[in-house]
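In what follows, a single structure is set out as structure tokens and then discussed.
Here, each number is a calculation from the coordinates, and none is a lab measurement. Quick caveat: nothing in here was measured; it's all calculated off a predicted structure. Glycine also receives a Cβ, built like all others from the backbone with ideal geometry; neighbour counts cover every protein chain displayed.
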Amino acid sequence: MAEESAALGRALDDAADRSSERVYSATQWQLMWWRLRRHRLAMVAAVVLIGFYIVVLGANFLAISDPQFSEAFRGEMPPQRLHFFDGWSPGLYVNGVSGARDLKTFKKIYVNDPEVKIPVRLFARGYEYKFLGLIRTDRHLLGVSAPYKSEETLFLIGTDVQGRDVWSRLMLATRISMLIGLVSVVISLILGVVLGGVSGYYGGWPDIIIQRVIEILRSIPTIPLWMGIAAAVPREWSIIKIYFAITIIISLIGWTTLAREVRGRFLSLRDEDFVTAAELSGASKMRIIFRHMAPSFLSHIIASTTLALPAIIISETSLSFLGLGLRPPAISWGVMLQAAQNVQTIALTPWLMVPAVPVIGAVLAFNFLGDGLRDAADPYG
Amino acid sequence: MLGFIIRRLLLSLLTIFAVSVISFAIIQLPPGDYVSTYIAQLLTSGEVIDETEAANLRAQYGLDSPFPVQYYKWVSSAIQGDFGLSMEYQRPVGDVIGDRLALTAALAFVSIVFTWVLAIPIGVYSAVKQYSVGDYVFTFIGFLGLAIPNFLLALVLLYFGFVYLDANIGGLFSPGMVDQPYGPAKVWDLLTHLWLPSLILAVAGTAQLIRVLRANMLDELRKPYVVTARAKGLGEWRVVTKYPLRVAMNPLMSTVGYLLPLLVSGSIIVSIVMSLPTVGPMLLRSLLAQDMFLAGTIIMLIGVMTVIGTFISDLLLAWIDPRIRVENS
Amino acid sequence: MSNQTEEFLSVRNLVTHFPLDEGTVVAVDGASFDVQAGMTLGIVGESGCGKSVAARSILRILDKPGVIVDGEIRFRRRSANGELGEVVDLTTYDADGDEMRSIRGGEIAYVFQEPMTSFSPVHTIGNQLMEAILLHRNVSKKEAEEIALDMLRQVGIPLPEERIRQYSFELSGGLRQRAMIAMALSCNPSLLIADEPTTALDVTTQAQILELLQNLQKDFGMAVMLITHDLGVIAEMADNVVVMYLGKVVESAPVDDIFHNPKHPYTKALLESIPRVQSGSREKLASITGSIPHPYDRPTGCAFNPRCPAFMEGTCDVGEPELTNVESNHQVSCFLFQGG
């Protein structure tokens, strides 16, 4: 008898030491966070995305020159080199550039003038804007001080055909493209969750109809369809209205995937014993959906939504690239890439392809983060 | 099995109907109608049409009738091959489209072949040799393939071709071949030009397929029937290819059908970038010029072609998957 | 009847590891046991004691990253004329090599626990049976089909001509297990390893399958290694019994001795925990205190010491006992019986 209780005592001591105690008492979100943290690629992606959204918030601050300010004779200028040291002493500057035309080819040539050193300042004054839409200011991250003007001298990624600073336009393009992406995905999500939920939870006729609609949409090539609809957006509309219309069109492209996922989750959860138990104890349908079923698939929906963003970003970029989405004077990655539509242009001014980099970066980042979220959300993974 | 085919056929017909309605709606979208655009065009060249003539034209084209009647008229003439008149080209739409639709289909088809030929060996390798160097390399390339939009890839390749090879690698035919009638030589010429755009299109789909196949294979490789096969004394190569691969491929088969619309969509943009004589560039031009009969017809024809392709792939799926065959017999 | 004292299958000090990221799991920690030709050895133990891993080590079909670290697996192969031939050490063979592959299925066959998932869902039963036959026997496809049909009949499947064209999901659990047995026996192995063959079946089917196995063993004259956690099955089927705990053999004896004369405290506790029909109402069910240790957290000394009612401090938590003979054919691994 004494030996048995001693054995029992030892076994209990062992159990109490285990750190698995923490695991038993953690919430669903804590568990998910711990699993996500181990996914290094997803963590890197998350940091990159935070960087993107910092640009979204501070687009104008990070820009240097007024993005709409065009000066044709400064067109197609290659990127300038930013010098960090003047001889031995630290100092930020760029060289002055003078433009000329090659008499033989009639192409513009820009000549670097090493004698002219234009100092570049941090937090310099530049064009006026409203920070976060509220605070009127004219401070920018980088700029040049009087008597020079940023719009005439500082071009970190060169200029486009109309002489506009590519870097500044890129900052604003990032803001627009990322925002449209976010808003579109939210609309897709709402559509997907509502329609998918109705389909999955109620079944019957609504399910059949919605399923057929989804199948039909999936079987048709979507780009020609949305090209057609986007082309119908009247050109006379204001920029805001056009943003709105394009956002809605893009969100209509991807909702079917989300709807199918949501429906699948509802279908499999509907037959679970814990749902039946809730029904039997008298819970209302709303309560069952939100309190009992939703936590089970919420994490999956977050993962799916993150994974839907790349397609949305590519859609907006493609449509604008073709000239059917956003149009000047709006700026987005696609609009900027429109300037790089043919080979000859790219051969002459390859820096105009730079907007491709944030597109690829954002798509990769959302993919990695979405993968990480999906692995973290899956309790059986 | 027969029931399955009939259901799929009905769904395809329903989809074709939906596509035609949407295409027609797109035709009608821009403000004004065909006749007013026609009148405006004539005005620019100095011609004037009076009110009665305009009214007659409207009646002739049925433009004063309600939407369903117009739709019916359009569809019935479309079935007979009369798709209306292209404003820009002033020729019947059918003539203008010409062989572009067939070329689009060829492009999509070759892309599908590429996708599968590339994805299956790589997917199997990645799963069997999980965490090896090869696996990481392929995963990385796969991610790049997913992330880079195909038209950007096309642009970059065109750039390198132009700058370093001094060649224009766009187009589907060599300059001499374009006007020749179709024969073995022309088909061969087509193939030699087709592989590059097909490969570009296939990249995204291949990356996706590799990921799905790898995930499926990893699941299946852990399953007991694989151990059974090994316990029978089957060689490792056969164990992998005969059993888990067959099972892992099944969900892929059902996605083949949906690969087609994606490829056709992608081909539109890539064709525009690479100036291929397919439907893409023509669609863009017609949309920008509001040449609606041309645009709407192209959209409808693309949709119909895709639905037919999807239906064929569903048939293939039913033929291959014994579970569907047995359940429905 | 073959010579019972001749070596047929001898496992000596088998050590199998699974090196994982979190640490190395020692699944089999120096196990030794024998199977006699034509006889049934029952291996019994709780889940996680290493019995399945030991069996898979014999056939060299360990899941990655499992690897045999030490020990010998001596197996008497069949010579060309069908008689028992020479003894080889299976650990020395390349797991994927021709020799091992010809033994697998041809001389040693394996029946799995879950017949549903052990058959491929997209190939017919006939296809999978015939594959096994064609791998090991030099026959034509037509002959293979005949053999397959005959096997299905022998295991008691009615209408084999229909069944052979069906898929595994079209058969009931009992029929599937019979088909699995047919597939295993189709090449006339000298040893059949049955890994919990009836655990996934209901009790009635269980009885039928066990009876089938017994009859087939007599008909084919083969040895059987039966792995189970069910002492009732052991009592019915086994000639000799091996009790395993945490990767080691703790007791090994003929079946009668195990049940009527158990020596090791673990064996005794197992037997005591079987509910009895004659027990009074509201009598507490005896169980073994504690639970199986975590594989990364093995106790020092004798693996059973934290739960052992006969624990001797200073001895049992310091050294590891060895398998010693207590009576003829009866071995125990316990400090109560060591040191003379």
Original post:
Using the beta-carbon distance between A:Met43 and A:Val186 and R0 = 25 Å, what value does 1/(1 + (r/R0)^6) give for FRET efficiency, to the nearest 0.05?
Top reply: 0.55
**OP:** Work out the FRET efficiency for B:Arg91 and B:Leu14 from their Cβ-Cβ distance, taking R0 = 35 Å, and round it to the nearest 0.05.
**Re:** 0.60
Original post:
Say we join alpha carbon atoms closer than 10 Å with springs in a Gaussian network model of chain C; which of C:Pro262, C:Pro189, C:Pro158 then has the biggest fluctuation?
Top reply: C:Pro158
Subject >> Relative contact order of the range C:27-107, pairs being alpha-carbon contacts under 8 Å that are 6 or more residues apart, as % >> reply: 21
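State the dimensionless ratio Rg/Rh of chain C (Rg: radius of gyration of Cα atoms; Rh: Kirkwood radius). If you can, show how the numbers build up before the last one.
On the way: Rg = 20.8 Å, Rh = 21.2 Å.
With Rh from the inverse mean 1/r over Cα pairs, Rg/Rh is 0.98.
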Original post:
In Å and whole numbers, how far do the C-alpha atoms of the range C:248-297 stretch along each principal axis, longest first?
Top reply: 40, 29, 12
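What's the exposure ranking of C:Ser186, C:Ser140, going from fewest to most Cβ atoms within 10 Å? If you can, show how the numbers build up before the last one.
Details: C:Ser186 27, C:Ser140 9.
The fewest-first ordering by Cβ neighbours comes to C:Ser140, C:Ser186.
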Subject >> Nitroxide proxy distance, nm - points 7 Å out along Cα→Cβ at B:Ala215 and C:Asp202 >> reply: 3.8
**OP:** Taking the Cα atoms of the protein assembly as shown, report the difference between the largest and smallest coordinate on each principal axis, in whole Å and largest first.
**Re:** 117, 78, 66
Original post:
Using the 10 angstrom Cβ neighbour count as an exposure proxy, how do A:Ile50, C:Ile181 rank, fewest first?
Top reply: A:Ile50, C:Ile181
Original post:
In straight Cα distance, which lysines are under 26 Å from A:Lys241, not counting same-chain residues fewer than 8 positions off?
Top reply: A:Lys130
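Cα convex hull of the range C:272-340: mean projected area in nm², to one decimal? Provide the component values of the computation, followed by the final result.
On the way: hull surface 28.1 nm².
Average of the hull's projected areas for the range C:272-340 equals 7.0 nm².
Please state, rounded to one decimal and in Å, the Kirkwood hydrodynamic radius that the range C:99-172 gives when every pair of distinct Cα atoms enters the mean of 1/r.
Roughly 13.0 Å, rounded to one decimal.
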**OP:** May I ask you to compute the full-extension gain from A:Leu298 to A:Phe131, defined as 0.36 nm times their residue separation minus their alpha-carbon distance, rounded to one decimal in nm?
**Re:** 56.7 nm
**OP:** Return the single residue from C:Ala269, C:Ala184, C:Ala80 with maximal mean-square fluctuation; model: Gaussian network over chain C, springs between Cα atoms under 10 Å.
**Re:** C:Ala80
Original post:
Tilt of helix C:173-185 relative to the longest C-alpha principal axis of chain C, in degrees (0 to 90, nearest 10)?
Top reply: 80
Subject >> Top of A:Val193, A:Val185, A:Val97 by mean-square fluctuation, Gaussian network on chain A, Cα under 10 Å >> reply: A:Val97
**OP:** With 28 Å as the limit, write out which pairs from C:Lys218/C:Lys248; B:Lys232/C:Lys141; B:Lys129/B:Lys232; A:Lys108/A:Lys149; B:Lys129/B:Lys223; B:Lys242/C:Lys218 have Cα-Cα distances beyond it, or answer none.
**Re:** C:Lys218/C:Lys248; B:Lys242/C:Lys218
Original post:
Hey, which lysines would be in cross-link range of C:Lys284, C-alpha to C-alpha under 18 Å, not counting anything within fewer than 8 residues on its own chain?
Top reply: C:Lys268
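If R0 is 30 Å, what FRET efficiency do you get for B:Ile141 and A:Gln344 from their C-beta distance, rounded to 0.05?
Numbers: r = 30 Å, r/R0 = 0.99.
With a Förster radius of 30 Å, E is 0.50.
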Original post:
Taking the Cα-to-Cβ direction at C:Thr92 and at C:Arg137 and moving 7 Å from each Cα, how far apart do the two end points lie in nm?
Top reply: 3.1
Original post:
Along its principal axes, what span do the Cα atoms of the range B:187-329 show, with the longest given first and each in whole Å?
Top reply: 67, 36, 28
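Among A:Arg287, B:Arg100, what is the fewest-to-most ranking by other Cβ atoms within 10 Å? Before the final figure, lay out each step's value.
On the way: A:Arg287 11, B:Arg100 20.
With the sparsest Cβ surroundings first, the list reads A:Arg287, B:Arg100.
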Original post:
When only C-alpha pairs under 8 Å and at least 6 residues apart count, what is the relative contact order of chain C, in percent?
Top reply: 19
